[in-house]
Amino acid sequence: FIDLDRFKTINDSLGHNVGDELLKQVSRCLQSVLIAEDTVARLGGDEFVIIINDIGFNNNEAVTNVECIAQKISTHFEKPFAVLGHDLHTSPSIGVTFFPDKEDTEEDFIRQADNAMYLAKKMGRNTLRFFDPSLQYAADKWLDIENALRIAVKEKQFELYYQPQLNAQNGCSSAEALIRWNRPKVGMISPDDFIPICETTGLIVELGSWVILEACQQLARWQAKGHDLVTRIAVNVSPKQFRHESFESVVISALESTAISPESLELEITESLLLEDVHEVSVKMVRLRKYGIHFSIDDFGTGYSSLSYIKRLPIHKIKIDQTFVRDLSTDEDDACIVESTIAMAIKMNLAVIAEGVETKEQEALLNTFGCHDYQGYLYSKPLPAKKFIKIVEKLNAAYGNADIPK
């Protein structure tokens, strides 16, 4: 439920013609934020109602998505509306309710959202409130983390941890860099809590650039100290980060400033990146691949439905998602998916690695299927750089030169 702040003042002082035209522009603004399956309606005056379908699988996801949509709406209101020779400033006070599994009427839902909107007005206008206190708590937590994140990105409060990627025959020669945030006075914040907010707010672009540079610098530091066991670092790249116009220059600059080999950097992209404009993605990947950088598909099998991109894009490696590996020994369907994926990768001359390996039984099955590269808690949890090298030495002593076929 959306109410325009200061609309009555504008309407009374400049006249109904100006007010009507402002309402039309706001209507177009709200429509531009939504997709075809959603509904936006004007109830009367300056009051609008939006109905959004498929907002999420659970409350946390729904709250995050609502925050994202609300932020997009608010962004449109940051610039003045040009109305009949006037530059008019207004803002949205937004109240939200979810459709629960109970026998509330349509009027009940509108009343709940309306009540939440009035609470937003009381909180100072130009904000969002939820009708459900528990959802409001989640939204307040979201806003608190967002505000803290903006400071954290500016002050570089983050640290990279490294998880070994093991080959059953040759030991550990690569690692995945994983970001960690030790928030001052609070402690460690889960990436599941702050990465979605970085994605929504766009902070992921700046944060992702720092991750790439820091990973390259760490590999250079290891090499300078004679730790030549690790020869490649894998870094996750978000779709928004990849599509940003500065992405290529950020990657190349990080490699050149650290003087590490481009072959040492592996960029992990998700299948969701390929849902829009595969051609543009392909062009950018080809340019970076010619430079020497490797690409892998992370969380393979959990997103994009078509496999055609595998032959179209310069992909070096496929990562089998841990959701398939977790029940590998107990679920025949998961075992079939994993075995088929490995066979396909081998036929297409692609490297394949399984993530989320936690038991020897999983490792043995993967080995039987033809996958000899693993990552997971069976070998090590993600560790700070100083502790990581010691684990690599232990893993190489245990796995190096094992009698496993390539």
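For the chain, what is the mean residue ellipticity at 222 nm derived from helices alone (per DSSP H run of n ≥ 4: -39500 (n - 2.57); sum divided by total residues; nearest 500 deg cm²/dmol)?
Numbers: 15 runs with 199 residues, N = 406.
Taken over the chain, the calculation gives -15500 deg cm²/dmol.
Could you name the aspartates and glutamates whose alpha carbon sits less than 20 Å from that of Lys185, not counting residues in the same chain fewer than 8 places away?
Asp140, Asp144, Glu146, Glu155, Glu159, Asp193
About the Cα centre of region 155-307, what is the dipole size in debye to 20, counting +1 per Lys and Arg Cβ and -1 per Asp and Glu Cβ, all else neutral? Please list the in-between numbers first.
Details: 13 positive and 21 negative charges, 89 e Å.
The calculated dipole for region 155-307 is roughly 420 debye.
Taking θ = phi - 60°, what integer Hz values does the Karplus form 6.51 cos²θ - 1.76 cosθ + 1.60 yield along region 348-362, in sequence order, with x for Gly and Pro?
Each residue's phi maps through the Karplus curve to give 9, 6, 9, 6, 9, 10, 9, 9, x, 6, 10, 9, 5, 5, 4 Hz.
Please report the antiparallel percentage of DSSP beta bridges with both residues in the chain, rounded to the nearest 5. All intermediate terms of the calculation are to be shown ahead of the outcome.
Numbers: 31 of 56 bridges.
If I count the DSSP bridges inside the chain, around 55 percent turn out antiparallel.
With a point put 7 Å past each Cα toward its Cβ, work out how far Glu155 is from Leu275 in nm, to one decimal.
3.5 nm
List the GluC sites (Glu not before Pro) within region 239-340 that DSSP assigns to loop and that have no more than 15 neighbouring Cβ atoms inside 10 Å.
Glu245, Glu276
Considering the dipole of the chain built from charges on the beta carbon (Lys and Arg +1, Asp and Glu -1) around the Cα centre, which of His372, Leu350, Ser264 is farthest to its positive end?
Ser264
Could you give me the ³J(HN,Hα) list for region 371-379, computed from phi with Karplus coefficients 6.51, -1.76, 1.60 and θ = phi - 60°, whole Hz, x at Gly and Pro?
For region 371-379, the Karplus curve yields 9, 10, 10, 9, 8, x, 5, 4, 9 Hz.
With just the Cα atoms defining each centre, how far is region 79-144 from region 214-287? Give it in Å.
40 Å
Are there GluC sites (Glu not before Pro) in region 99-204 that DSSP marks as loop and that have at most 15 other Cβ atoms within 10 Å, and which are they?
Values: sites: Glu103, Glu106, Glu107, Glu146, Glu155, Glu159, Glu176, Glu199; in loops: Glu103.
Answer in residue order: Glu103.
Per the 1.4 Å probe, what fraction of the accessible area of the chain, in percent, lies on carbon and sulfur atoms?
About 50 percent, which is the carbon plus sulfur part of the accessible surface.
Is the chain best put as rounded, prolate or oblate by its Cα gyration tensor, with a ≥ b ≥ c the root eigenvalues, rounded for a/c under 1.5, and otherwise prolate when a/b is larger than b/c, oblate when not? Mind dumping the intermediate values first?
Values: a/c = 2.30, a/b = 2.02, b/c = 1.14.
Verdict is prolate for the chain.
In a Gaussian network model over the chain where Cα atoms closer than 10 Å are linked, find which of Asp373, Asp38, Asp298 has the largest mean-square fluctuation.
Highest fluctuation among the options: Asp38.
Rounded to the nearest 10 Å², what accessible area does His316 show when all protein chains are kept and the probe is 1.4 Å?
That residue has around 50 Å² of solvent-accessible surface.
Could you give the accessible area per residue of the chain, probe 1.4 Å, as a whole number in Å²? Mind showing how you got there, number by number?
Details: 20790 Å² over 406 residues.
Heavy-atom accessible area per residue stands at 51 Å².
Check cross-link reach from Lys79 to the aspartates and glutamates: straight Cα distance under 12 Å, and skip same-chain residues fewer than eight apart.
Here the aspartates and glutamates satisfying the reach criterion relative to Lys79 are Asp87.
The values are calculated or read from the model by the stated rules, or taken from the named source; none is laboratory data. If you're wondering where the values come from, they're calculated on a predicted model, not measured in any experiment. As a convention, Cβ positions derive from the backbone with ideal geometry for all residues, glycine included, and neighbour counts pool all protein chains shown. Calculation scope for accessible area: heavy atoms of the full protein, side chains included, ligands and nucleic acids excluded. Shrake-Rupley method; radii C 1.70, N 1.55, O 1.52, S 1.80 Å.
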